[in-house]
Amino acid sequence: EKLKAGLNKTRDNIVSSIDYVFNGFTNIDDEFYEELEETLIMGDLGVRTTDEIIENLKEKVKENAIKQPAECKELLIQLIKEQMDLGPNAYDFENQKSIVLLIGVNGVGKTTSVGKLAGLLKNQNKKVIMAAADTFRAAAIEQLTEWSHRNGCEIIAQSEGSDPAAVIFDSIQAAKARKADVLLCDTAGRLQNKKNLMEELRKIDKVITREYPEAYRENLIVLDATTGQNALSQLREFKDVTDITGIILTKMDGTAKGGIAVAIQSEFGIPVKYVGVGEQIEDLQKFNSEDFVNALFD
Ligand code: GDP
């Protein structure tokens, strides 16, 4: 329900204009397809994904000898689901001893997502430790400390400006000593300085490989849905620097650009694992493509 409410703006944007196309045309012709294509692109599904969907739709329409535009709607919904399909969504780190890095540029909601995700996992009876390894942004440590009061999870932090890899080192020792299930790490997001970012992530990587080889690893990139296609370029940039195993798409509640979830999964084949639909602790939801598309078109 929260997901549905969080998608209100996206639904208004995409579905109302799609309905407009389906109801506004009496024939399935080039003009109809062009209009539909434009609508999907405006809905932030991305040019490549949209092209593929339209091509597939044309085929299905031929195959099934469909004549009425309105009859295409169910087909379209099905095709969007297929386009997003990555097989069963994996939440592997929830089921074993794990270390999860949250990465992404400043302001996308990394620290907030660490706090919310820790709370969500704790509700599943996991022992979670949060590592305040964004030592670069002034308020990040303080902010995560506040989150630890809210979610009741332990936080490991050093002073501002300290070495992130040292914070990770400390956190790993704590995670081992306390038999934590999940170690969630906030990181700094200096994409403007790609060389520094790479260095920092490489150093962190080394520490994890050396100190915590038994842990299952994930790198989740946090992307702000309100930035639309910009989020896709951030993903591209970070993919150059490190392995990305999943995505947290934040601020879905404030945007009409939620369609980028389709573009992301379809173009990159990387699963969106969680979506942020508000600023409160309960406002992080597991993502499931099928539910997402259903919530959009419901
Ligand atoms: P960071 O720099 O990436 O660590 O970003 P922060 O965690 O500090 O988040 C930046 C702002 O985005 C804060 O004001 C958060 O409350 C807000 N924020 C994060 N996630 C969401 C979300 O899902 N929905 C909304 N509406 N705001 C969010």
So which residues in the range 216-268 are touching a strand residue (DSSP E or B) at 6+ places or on another chain (Cβ under 8 Å), in a loop (DSSP other than H, G, I, E, B) and surrounded by fewer than 22 Cβ atoms within 10 Å (Cβ to Cβ), if there are any at all? T242, D243, I244, T245
Condition first: more than 18 Å from G46 (Cβ to Cβ), more than 14 Å from the ligand (Cβ to nearest atom) and touching a helix residue (DSSP H, G or I) at 6+ places or on another chain (Cβ under 7 Å). Now tell me which residues in the range 228-282 satisfy that. V241, T242
So which residues in the range 10-26 are touching a Ser or Thr at 6+ places or on another chain (Cβ under 7 Å) and either modelled with pLDDT of 90 or more or more than 15 Å from A256 (Cβ to Cβ) (or both), if there are any at all? V21
Open to solvent by 10 Å² or more (accessible area, probe 1.4 Å) and more than 16 Å from the ligand (Cβ to nearest atom) - does that describe any residue in the range 133-144? no
Being in contact with a Gly (Cβ under 7 Å, 6 or more places away or on another chain), away from the ligand (no atom under 16 Å from the Cβ) and part of a loop (DSSP other than H, G, I, E, B) is the filter here; which residues of the range 68-127 pass it? L86
Among the residues that make up the range 152-167, is at least one of them part of a helix (DSSP H, G or I), crowded, with 20+ Cβ neighbours inside 10 Å, of a type outside the set (K, R) and within 23 Å of the chain's Cα centre (by Cα)? no
Would you mind finding the one in I80, I103 that is within 17 Å of the chain's Cα centre (by Cα) and under 19 Å from L249 (Cβ atoms)? I103
Of the conditions (1) within 16 Å of the ligand (Cβ to nearest atom); (2) aliphatic (A, V, I, L, M); (3) farther than 23 Å from G278 by Cβ; (4) more than 14 Å from the chain's Cα centre (by Cα), M130 satisfies every one except a single condition; which number is it? (3)
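Please tell me if D291 is closer than 27 Å to M42 by Cβ, modelled with pLDDT of 90 or more and charged (D, E, K, R).
Numbers: closer than 27 Å to M42 by Cβ: yes; modelled with pLDDT of 90 or more: no; charged (D, E, K, R): yes.
Criteria not met by D291.
The values are calculated or read from the model by the stated rules, or taken from the named source; none is laboratory data. Predicted, not measured: the structure shown is a model, and the values here were computed from it. Reconstructed Cβ throughout: ideal geometry from the backbone, glycine too, with neighbour counts over all protein chains shown. Heavy atoms of the whole protein, side chains included, go into the accessibility calculation; ligands, DNA and RNA do not. Shrake-Rupley method; radii C 1.70, N 1.55, O 1.52, S 1.80 Å.
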